[in-house]
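Comments concern the structure below.
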Amino acid sequence: MKSLLVSAMCLSIFAGISQEVAFEEYDLDNDLHVILHQDNTAPLISISVLYHVGSKDEDPQRTGFAHFFEHLLFEGTENIKKGEWDKIVSSNGGSGNATTDEDRTYYYEVFPSNNLELGLWLESERMLHPVINQKGVDTQNEVVKEEKRLRVDNSPYGKFIENIKKNLFQNHPYKETVIGKMADLDAATLDEFIAFKKKFYSPNNAVLVIAGDFEKDNAKKLISNYFKDIPKGAEITRNFPKEDPITTEINAKAYDSNIQIPASMIAYRTPGLRNRDSQVLEMISTYLSDGPSSKLYKKMVDDEKQALQIGAIPITLEDYGMYIIFALPVGETGLNTLNNSIEEEVEKLRTDLISENDYQKLQNKFENQFVNSNSSVEGIANSLAEYYMLYGDTSLINKEIEVYRSITREEIQEVAQKYLKPNQRLVLEYLPEQNTAN
């Protein structure tokens, strides 16, 4: 116990002193939000733009648009030829990529610090001058189809998130997958793609972050030169339908031709990321299933030999979240046996306080995660963008660890009682494909 306390003290001191992230933020006249984090300790720089657009913003008959644009906006611009984007980045010693989820799309490059202007030019080109034509749409349509075949259709357990979402959500667009339906993309017209770009990929729906080795005055001048004249888009209003509370256990089955071992998946609908309870649920997830020393792994894999694998995925989104526990059985172990064992551990959370020793281990893990998340310019840039756009508070990059430190054992119990009841869950049997008529 003493060694744990010493470890916690050391981590706390390190996190509190070494990991303070200094930043400056301001708006251009077109409402592009800018965040600057200057760190001249290494000659690297990250330039990123986060657009507040994800799969939830799509027309229900045109799913997959946001993810499609993640690919499409690498096609080229009025000043960058088709296929040249990645060549420009790599030939200048850089790397880059993009990601899309339900709430946002994020583009970034990491360069040697003498390429700040190049990175800003690239992202201003993406925002202002992308070429969206039928040839590019057709090219990326095939790319997305191949990605879906690889990652979803032909991947073991690749459709489990899809099946969880469509059972947990009936009204909110989170019921759809990020990659969308290929039939929707096939049916879309070029004008629909152009309209989607005009609506969402504008400066007033974006945040630009520069992190790393640069001088602020020079950066501000370059930002103004490349971004200030980009026209502001129309104001975006969002009013998504709400979900009714789940009051009766949902039972469902899904089939996958790529698996031989069935899986049990238990999922709960949880609050959005601005709700403090979502952070408590992250601690609960770590307690139950993070690593071999976690409660579920030790019980079901090590001690009782019921499961080949056990884990949990806390998916924290802007409007709602999902807390998913999954298990693969050993031998003839039934899925109901797995479900009962999982519920026994969740019930303990609802009825008893976790031990002081386990609580301290949790605190140590979250301290360590905090330190690691701010250990690179890429990580810092991503955190700054998301804290501003999704959480509405950029300063959380320094303050969020205090939220986790303030979570008590009693609060963990209260949140488990609030969200993790049997009558509030989905129980999904994920099975090898068979004749579903039986």
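The values are calculated or read from the model by the stated rules, or taken from the named source; none is laboratory data. Since the model is a prediction, treat every value here as computed from it, not as a measurement. Because the Cβ atoms are built from the backbone with ideal geometry, glycine has one as well, and the counts that use them run over all protein chains shown. SASA here: full protein model, heavy atoms, side chains in, ligands and nucleic acids out. Shrake-Rupley method; radii C 1.70, N 1.55, O 1.52, S 1.80 Å.
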### Query
With ASP277, ASP217 as the choices, which residue is modelled with pLDDT of 95 or more and either in contact with a His (Cβ under 7 Å, 6 or more places away or on another chain) or under 21 Å from ALA385 (Cα atoms) (or both)?
ASP217
### Summary
For the range 219-235, pairs from a residue that is over 17 Å from LYS198 (Cα atoms) and of a type in the set (A, V, I, L, M) to a residue that is at pLDDT 95 or above and open to solvent by 20 Å² or more (accessible area, probe 1.4 Å), with Cβ under 8 Å and 6 or more apart or across chains, are LEU222/GLU117; ILE223/LEU28
### Message
Within the range 364-382, take every residue that is modelled with pLDDT under 95 and among the polar types (S, T, N, Q) and give me the one that is farthest from VAL280 (Cα to Cα).
### Response
SER376
### Task
Determine whether the range 61-79 contains at least one residue that is part of a loop (DSSP other than H, G, I, E, B), among the charged types (D, E, K, R) and modelled with pLDDT under 95.
yes
### Summary
Within the range 354-376, restricting to residues that are open to solvent by less than 70 Å² (accessible area, probe 1.4 Å) and in a loop (DSSP other than H, G, I, E, B), the one that is farthest from SER289 (Cα to Cα) is SER376
### Task
Select from the range 380-394 the residues that are polar (S, T, N, Q) and either part of a loop (DSSP other than H, G, I, E, B) or more than 13 Å from the chain's Cα centre (by Cα) (or both) and list them in ascending order.
THR394
### Task
Kindly establish whether ASP153 is of a type outside the set (Ser, Thr, Tyr), open to solvent by less than 60 Å² (accessible area, probe 1.4 Å) and at pLDDT below 95.
yes
### Task
For residues that are more than 21 Å from HIS71 (Cβ to Cβ) and assigned to a strand (DSSP E or B), scanning just the range 90-122, find the one that is least open to solvent (accessible area, probe 1.4 Å).
PHE111
### Message
Could you check the range 59-89 and list, in sequence order, the residues that are among the hydrophobic types (A, V, I, L, M, F, W, C), open to solvent by 20 Å² or more (accessible area, probe 1.4 Å) and under 27 Å from LEU317 (Cβ atoms)?
### Response
PHE74
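Residue-by-condition table, conditions (1) open to solvent by less than 50 Å² (accessible area, probe 1.4 Å); (2) out of contact with any Phe, Trp or Tyr (no Cβ under 7 Å at 6 or more places or on another chain):
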position	(1), (2)
PRO130	yes, yes
VAL137	yes, no
ASN141	yes, yes
ASN171	no, yes
## Note on the structure
Quick count over the range 185-208, residues being closer than 12 Å to GLY233 by Cα and either touching a Gly at 6+ places or on another chain (Cβ under 9 Å) or of a type outside the set (Phe, Trp, Tyr) (or both), is 11
### Task
Give just the number: which of (1) among the β-branched types (Val, Ile, Thr); (2) without any contact (Cβ under 8 Å) to a residue 40 or more places away in the chain; (3) open to solvent by less than 10 Å² (accessible area, probe 1.4 Å) does ILE342 not satisfy?
(2)
### Query
Within the range 203-230, can you find the residues that are acidic (Asp, Glu) and closer than 16 Å to VAL377 by Cα?
ASP213, GLU215
